[in-house]
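Below is one structure; the comments refer to it alone.
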Amino acid sequence: MRADELTLEEKLALLVAAGKFHTDDLGGKVRRLNVADGPSGLRKETPEHPEGSPSRCYPSAHVIANSWNPSVAESVGRAIASDCRDEGVDMILGPGVNIKRNPLCGRNFEYFSEDPLLAGSMAEKYVDGVQKTGVGATVKHFMANNREWERCAQSSEIDERTIMEIYARPFAIAMRAHPKAVMCSYNPVNGVYASENPYLLKDILRKKLGFGGVVVSDWGAVHNRARALKAGLDIEFPDNPASAGVLRQAIERGEITEKYVDDSVNRILGLLEDTCESAAVLTVEKREQISLSAAKEGMVLLKNNGVLPLEDGAKIAVIGEMAKNPTVCGGGSAHVHSSLQSRPLDEILKGLLPSSEITYSQAYLGCVPMSLGHGDARRAAFASDVAVVVVGNNMYNETESLDRESLALPSGQEKVIDSVIRENPNTVVVVEAGSSVDVSAWADKAAAIVYTGYAGDMLNEALASVLAGETVPSGKLSETFPLSLEDTFTGHERGNGFSDRYREGVLVGYRYYDAYGLPVRYPFGYGLSYTKFEYSDLTLNCDKDNVAVSFSITNTGERDGAEIAEVYVEHFHSPVERPPKELAGFGKVFIRKGKTVRMTVNLGRKAFAFYSTVYGRFAVSGGTYGIAVGASSRDIRLQGRVELEGDINTF
Ligand code: BGC
């Protein structure tokens with residue numbers, strides 16, 4: 001069907017949702033589009049379950065990104081979309097690809113990374129996986145919604161180069177998977193609401209990024225429906241009885257022509273057709289397997305003095321309420337009401353370590369150490385070979401609409417860690433959080449630290465498998481853990497409520513710490529394993545459009561395991577300010593102990609380019625570039641140089 005087969009009234013009805021999560025079916029003339037949140041699992045709000053009916057909760061985006069394995073993103077996307085199909089949902093409101101500019105942002109757990117290439121690569125595959133089932137994906141929030149504080153009012157003020165290189169880049173990469181929809185953000189960008197911003201929605205999204213799908217609003221983000229239509233916004237969510245009148249009046253006054261209406265309606269009709277075909281969904285067993293293996297791959301071993309993996313036969317004290325009730329997901333619209341009651345960590349460990357004596361003590365309740373339980377925990381730690389303390393944030397302090405006040409863990413939990421370590425220095429601390437946390441109060445004293453992230457309802461199974469050594473950890477951080485909040489560029493600064501100027505420009509995340517030579521607690525791309533990897537034999541093969549970076553990785557440790565290799569481009573004499581290095585490619589490979597694998601990462605010219613505001617496009621300036629291959633952004637193992645011809649005139 002095309003727009004010209006509909007009356008003006010019908011067309012206007014399609015431009016505004018007919019309910020909180022569905023569009024109008026025009027009395028049966030067209031299909032109704034049912035949408036639901038995303039992105040950590042299906043959150044379908046129903047009258048009986050206004051907070052979402054029970055559903056599988058998958059690892060959140062930051063855990064997927066910590067796997068550095070795009071096929072994990074793809075399979076999680078496919079599994080969630082299979083849940084959507086079962087429930088009659090045509091389009092999922094995810095993935096979220098906003099850049100983690102500040103670790104306090106309450107929605108960081110919903111986003112992939114501080115790095116646009118990693119975020120975009122994960123989003124691309126997530127979208128691919130979702131759309132393989134015929135369900136549409138919605139890449140959100142376009143764009144620069146990087147904090148929750150005053151998110152509906154405060155303008156993100158950003159220069160064009162930074163927009164193109166950092167904030168729009170994950171969306172640009174996700175476009176390779178042709179997402180059916182993009183959701184605009186709440187915030188204004190450079191003074192104009194994203195929902196009404198033609199520079200964002202037309203010049204960047206449609207023209208530069210080549211997006212041909214449907215733009216939907218964030219929920220309640222439209223301020224003037226006519227201006228939003230003119231800027232390129234297709235569907236306003238949720239329903240808004242005033243909007244059809246606003247549109248009609250704007251047409252009558254000549255402020256918009258019917259051509260705008262028809263263009264949007266045709267895109268919406270295309271979406272209705274595209275999402276009606278149901279392709280193969282995964283079995284329920286397969287979805288569970290995907291959730292579990294994604295959770296395992298996304299876990300990051302931050303420290304280990306050798307206490308991990310736990311030995312079968314060791315006396316183990318499992319401590320902390322979260323060992324029984326893990327934080328499987330953050331809060332807000334991404335919160336999935338999990339259909340699965342987590343199994344207690346101590347019970348799962350008992351299955352994996354049958355000769356071990358394992359005790360459990362609660363120790364704290366939320367943020368508060370329990371006077372009695374705390375004593376039990378100390379006694380248990382004292383009497384054991386190893387203590388495992390599970391701590392972290394929750395769906396109330398990491399949530400949509402709120403930013404965290406500090407990077408510290410709830411203070412009561414820090415006290416528990418401290419007193420357990422005093423009883424037994426052989427203490428493993430497990431952190432469940434959606435973004436980086438300040439671990440300085442206790443990290444040096446802990447024997448080992450595992451960062452699980454919000455790993456979905458299989459969190460405890462995956463964690464037990466890592467602790468017991470059944471899984472060799474292979475995740476690496478998709479965001480930097482700074483030493484303290486003061487070391488971040490933004491610190492406590494959050495704008496004045498009207499505008500927030502992104503003064504750091506392109507120096508976001510590790511780009512900033514590297515540029516200023518700042519020490520960090522755990523660098524971007526960092527994560528340990530139970531085995532060891534050595535890198536050797538770098539070769540660089542350049543042709544006109546590609547630099548092939550090849551190198552060998554040898555598993556020199558005692559266990560089979562997977563390694564993530566990160567390839568950075570180093571900038572030397574650039575005509576514009578650039579970070580010392582930027583992630584340009586990566587690969588993850590499983591290597592048996594004693595074996596060597598050769599990996600090749602191909603870097604196209606875009607990997608070397610900056611966005612030239614003079615030419616209005618990405619451009620490479622001629623000269624020498626460094627190629628650095630690392631096990632993390634601060635653990636560079638191999639280095640080489642390439643000479644590239646420029647494609648613009650610079651000095
Ligand atoms: C969030 C979106 C979400 C929408 C619908 C908004 O508050 O920002 O990410 O998809 O609600 O629940």
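First obtain the Kirkwood hydrodynamic radius of the stretch 295-492 from its Cα pairs, then insert it into the Stokes-Einstein equation at 37 °C and 0.692 mPa s, and state the resulting D in µm² per second as a whole number.
Value of D from the Cα-based Kirkwood radius: 196 µm²/s.
As a quick test, which of the pairs Lys132/Lys606; Lys180/Lys202; Lys532/Lys588; Lys207/Lys581; Lys132/Lys296; Lys11/Lys180 have an alpha carbon distance above 26 angstrom in this structure?
In this structure, Lys132/Lys606; Lys207/Lys581 lie more than 26 Å apart at Cα.
What number in nm² do you get for the stretch 1-98 if you take the convex hull of its Cα atoms and divide its surface by four?
8.1
Rounded to a whole number, what % of the accessible area of the chain do carbon and sulfur atoms account for, probe 1.4 Å?
C and S fraction of accessible area: 49 percent.
Where Rh is the Kirkwood radius over the Cα pairs of the stretch 396-518, the temperature 37 °C and the viscosity 0.692 mPa s, what D in µm²/s does Stokes-Einstein return?
Here the translational diffusion coefficient equals 196 µm²/s.
Could you go through the stretch 158-175 in sequence order and give the Karplus-derived ³J(HN,Hα) for each residue, using 6.51 cos²θ - 1.76 cosθ + 1.60 with θ = phi - 60°, rounded to whole Hz, and x for Gly and Pro?
Working through the residues one at a time gives 9, 6, 4, 4, 5, 4, 6, 7, 10, 7, 8, 5, x, 5, 4, 5, 4, 4 Hz.
Starting from the residue with the highest accessible area, list Arg598, Arg379 in decreasing order, probe 1.4 Å.
Arg379, Arg598
Round to the nearest 10 and report in Å² the accessible area of Phe382, as given by a 1.4 Å probe over the protein chains' heavy atoms.
Ignoring ligands and nucleic acids, Phe382 comes out at about 150 Å².
Can you give the relative contact order of the stretch 8-274 as a percent, counting alpha carbon pairs under 8 Å and 6+ residues apart?
19
Quick one: accessible area per residue over the chain, 1.4 Å probe, rounded to a whole number of Å²?
36
Quote the relative contact order of the chain in percent (integer), defining contacts as alpha-carbon pairs under 8 Å separated by 6+ residues.
Across the chain, relative contact order equals 15 percent.
For the stretch 271-311, which GluC sites (Glu not before Pro) pass both filters: DSSP loop (anything but H, G, I, E, B) and at most 12 other C-beta atoms within 10 Å?
When the GluC sites (Glu not before Pro) of the stretch 271-311 are filtered for loop state and at most 12 Cβ neighbours within 10 Å, Glu277 remain.
What translational diffusion coefficient, in µm²/s and rounded to a whole number, does the Stokes-Einstein relation yield for the stretch 570-631 at 10 °C and a viscosity of 1.306 mPa s, taking the hydrodynamic radius as the Kirkwood radius over Cα pairs?
114
With every protein chain left in place and a probe of 1.4 Å, what is the accessible surface of Leu340, to the nearest 10 Å²?
80
When only Cα pairs under 8 Å and 6 or more residues apart are kept, what is the percent relative contact order across the stretch 531-644?
28
Please express the shape of the stretch 531-644 as an equivalent ellipsoid: the semi-axes are the square roots of 5 times the eigenvalues of the C-alpha gyration tensor, given largest first in whole angstrom.
Its equivalent ellipsoid spans semi-axes of 30, 13, 11 Å.
Using the Cα atoms of the chain to build a convex hull, what is its mean projected area in square nanometres?
So the mean shadow area of the Cα hull is 28.5 nm².
Could you give the length gained by full extension between Ser440 and Glu347, i.e. 0.36 nm per residue of separation minus their alpha carbon distance, to one decimal place?
30.4 nm
With a 1.4 Å probe and all protein chains kept in place, how do Cys105, Cys367 rank by accessible area, largest first?
Correct descending sequence by accessible area is Cys367, Cys105.
The values are calculated or read from the model by the stated rules, or taken from the named source; none is laboratory data. This is a predicted model, so every value here is computed, not measured. So basically every Cβ, Gly included, is an ideal-geometry build from the backbone, and we count neighbours across all protein chains shown. The area values use the complete protein model at the heavy-atom level, side chains included, leaving out ligands, DNA and RNA. Shrake-Rupley method; radii C 1.70, N 1.55, O 1.52, S 1.80 Å.
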